[in-house]
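> Please see the structure below; I have some questions.
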Amino acid sequence: METLTIAQLGNPILREHASPISAGQYQSLAPFFSALQKKMQEHDGVGIAAPQVSESIRAFIVASRPNPRYPDAPLMAPTLMLNPEITWASDSMEKDWEGCLSIPGIRALVNRHSHIEVRYDTLEGKEVKTQLAGFIARIFQHELDHLNGLVFLDRADKADYYTEAEYLKQIAQG
Ligand code: K3U
Ligand code: ZN
């Protein structure tokens, strides 16, 4: 497996609509998904989508953990989600801070559905239907956007774009 590189904002791969994966391909992609997870962990991310490493296929990993911004975030082991979809979304929305491995050094406030119902396939081909809330729902929506050619800045007000330095000065450290 070639070393994976994270595509940065401006790379047209991030603007593509990623292709569904046929169930027959799942197992043959296992080495790629292992490398994808390693890449996410190397960069300390809580998620990563296949198009971010230039594979335009409908797959991502979600891996929540408590962190300074989201101290109550549940611990969720890295979970691979294939052909994921939102099947229901709450009317209630929440604004909170996001970052992106493809847009280093920038943070923004993004409005997301607070509760969602989703479906996805596992690597073994089993369908999972579940409800997500809070930070995990936020990560899922952020990653699903990557499969549809969107980045978090597309959903933020320009007045809510912060550099990492200003975010740390004004927001994270009061
Ligand atoms: O902003 C980041 C973060 C890391 C740990 C805890 C809290 C925030 C790093 S960026 C990140 O993990 C993205 C990963 C991406 F870009 F590949 F999708 C996921 C993400 C972070 C924050 C909110 C929603 C999604
Ligand atoms: Zn991202």
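> Pull up the cross-link candidates among the aspartates and glutamates for residue 95, meaning alpha carbon to alpha carbon under 12 Å and not fewer than 8 places away within one chain.
157, 160
> So with the 1.4 Å probe, I'd like the accessible area per residue for the range 12-172, rounded to whole Å².
The answer is 49 Å² per residue.
> Then there is this: Using a probe of 1.4 angstrom, how much of the accessible area of the range 12-172 is carbon and sulfur, in percent?
Exposed carbon and sulfur together represent 52 percent of the surface.
> Related question: Quick check on packing: order 9-15, 51-57 by the mean number of other C-beta atoms within 10 Å, highest mean leading.
Most protected by this proxy first, the peptides run 51-57, 9-15.
> If you don't mind, another one. Does the range 89-141 come out rounded, prolate or oblate, given a ≥ b ≥ c as the square roots of the eigenvalues of its C-alpha gyration tensor, rounded meaning a/c under 1.5 and, failing that, prolate meaning a/b above b/c?
oblate
> Assuming a ≥ b ≥ c are the square roots of the Cα gyration tensor eigenvalues, decide whether the range 12-172 counts as rounded (a/c under 1.5), prolate (otherwise, with a/b larger than b/c) or oblate.
Prolate, because a/c is 1.5 or more and a/b exceeds b/c.
> Report the charge-dipole magnitude of the chain in Debye, nearest 20, computed about the Cα centre from +1 at each Lys and Arg Cβ and -1 at each Asp and Glu Cβ.
120
> Restricting to DSSP H runs of at least four residues, report the calculated mean residue ellipticity at 222 nm for the chain, -39500 (n - 2.57) per run over all residues, nearest 500 deg cm²/dmol.
One gets -5000 deg cm²/dmol as the mean residue ellipticity at 222 nm.
The values are calculated or read from the model by the stated rules, or taken from the named source; none is laboratory data. Only a predicted model underlies this, so the values are computations on that prediction, with no experimental measurement involved. Reconstructed Cβ throughout: ideal geometry from the backbone, glycine too, with neighbour counts over all protein chains shown. Protein only, heavy atoms only, side chains kept; ligands, DNA and RNA dropped before computing areas. Shrake-Rupley method; radii C 1.70, N 1.55, O 1.52, S 1.80 Å.
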